[in-house]
Amino acid sequence: MSVAAVPGMSIEHLHVVVGFDFTTSSRAAMQRAIGVATRAPWHVLHFVCVLEPHVALVALPTKKVDIEYAGRVQEAVTSAVKEELIASKVEGKVHFNVHCHIGKPAEEILRVARDVGADLIIVGSKGLTGIERAVLGSVSEKVVREAGCTVEVARPKTYPYVALLDVVEVEKTGHYVAPHRYTYEDNRVSLRPGEWPLY
């Protein structure tokens with residue numbers, strides 16, 4: 001089940017697949033993807049929400065995961081994306097689609113990536129370690145391992161703000177050497193004038 005927010009996209013666009021399930025890490029993936037598409041508007045975002053057959057999303061509880069529920073989830077994801085676009089003040093400037101599939105998350109994200117010819121996949125990481133990863137598996141790890149394009153794993157930023165030194169212009173000194181090329185003759189290095197050949 002897919003819905004196009006902006007129809008008529010050409011093959012000249014780059015496609016970014018974004019795993020989204022309303023978790024904090026998936027919201028970080030969404031924000032990262034919107035940032036990419038805002039700076040480079042030729043990117044088309046494909047938000048993929050995967051429902052496991054017997055497990056409802058925590059954000060949208062239900063007793064039965066079926067096609068009707070998938071439709072509700074799809075509408076909720078579309079609303080979440082639009083809200084983020086409004087908050088980022090880029091509504092109407094970012095092209096996106098929403099896909100809602102029932103199945104295994106990593107497999108369905110990779111399926112959508114293959115179907116749209118993805119140039120980039122952005123997924124969140126829940127930070128599973130040790131026994132959790134062995135038992136539950138890691139969606140991001142499987143996507144990274146099996147993807148046919150670049151994968152970015154997004155996490156919410158936890159580094160504190162660091163005030164770096166300002167960049168200031170430095171006065172020129174007498175030791176400045178203009179750009180030049182070197183030529184090698186008889187194992188000696190000689191400077192060549194600035195009339196460089198065009199390659």
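Of the residues making up region 111-124, those that are out of contact with any His (no Cβ under 6 Å at 6 or more places or on another chain) and buried (at least 21 other Cβ atoms within 10 Å of the Cβ) are ALA113, ILE121, ILE122, VAL123, GLY124.
Per-residue answers, yes or no, for (1) over 18 Å from GLU107 (Cβ atoms); (2) in a helix (DSSP H, G or I); (3) under 11 Å from the mean Cα position of the chain (by Cα); (4) not small (Gly, Ala, Ser):
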| position | (1), (2), (3), (4) |
| --- | --- |
| VAL17 | no, no, yes, yes |
| SER25 | yes, yes, no, no |
| ALA28 | yes, yes, yes, no |
| PHE47 | no, no, yes, yes |
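Quick check, is LYS142 in contact with a helix residue (DSSP H, G or I) (Cβ under 9 Å, 6 or more places away or on another chain) and either at pLDDT 80 or above or not in a loop (DSSP other than H, G, I, E, B) (or both)? Yes. From the list VAL90, VAL81, the one residue that fits, being closer than 18 Å to ARG155 by Cα and of a type in the set (Val, Ile, Thr), is VAL81.
Which of the residues belonging to region 125-139 are in a loop (DSSP other than H, G, I, E, B) and either modelled with pLDDT of 80 or more or surrounded by fewer than 16 Cβ atoms within 10 Å (Cβ to Cβ) (or both)? Within region 125-139, SER125, GLY127, THR129, GLY137, SER138 meet the criteria.
Whether any residue in region 55-64 is assigned to a strand (DSSP E or B), small (Gly, Ala, Ser) and farther than 20 Å from SER140 by Cα is what I want to check.
No, the conditions are met nowhere in region 55-64.
What number of residues within region 65-95 are among the small types (Gly, Ala, Ser), in a helix (DSSP H, G or I) and either modelled with pLDDT under 90 or loosely packed, with under 14 Cβ neighbours inside 10 Å (or both)? Counting residues in region 65-95 that are among the small types (Gly, Ala, Ser), in a helix (DSSP H, G or I) and either modelled with pLDDT under 90 or loosely packed, with under 14 Cβ neighbours inside 10 Å (or both) gives 3. The residue of region 97-122 that is nearest to the chain's Cα centre (by Cα), among those that are outside any helix (DSSP H, G or I) and of a type outside the set (A, V, I, L, M, F, W, C), is ASP119.
Inspect all residues belonging to region 37-52 and state whether any of them is modelled with pLDDT under 95, more than 22 Å from VAL151 (Cβ to Cβ) and of a type in the set (Phe, Trp, Tyr). No, that holds for no residue. Selection over region 82-94 of residues that are touching a residue at least 24 places away in the same chain (Cβ under 8 Å), under 29 Å from VAL65 (Cβ atoms) and not aliphatic (A, V, I, L, M) gives a count of 1.
The values are calculated or read from the model by the stated rules, or taken from the named source; none is laboratory data. Note that the structure is a prediction, hence the values are computed from the model and not measured. Every residue, glycine among them, receives a Cβ derived from its backbone with ideal geometry; neighbour counts consider all protein chains shown.
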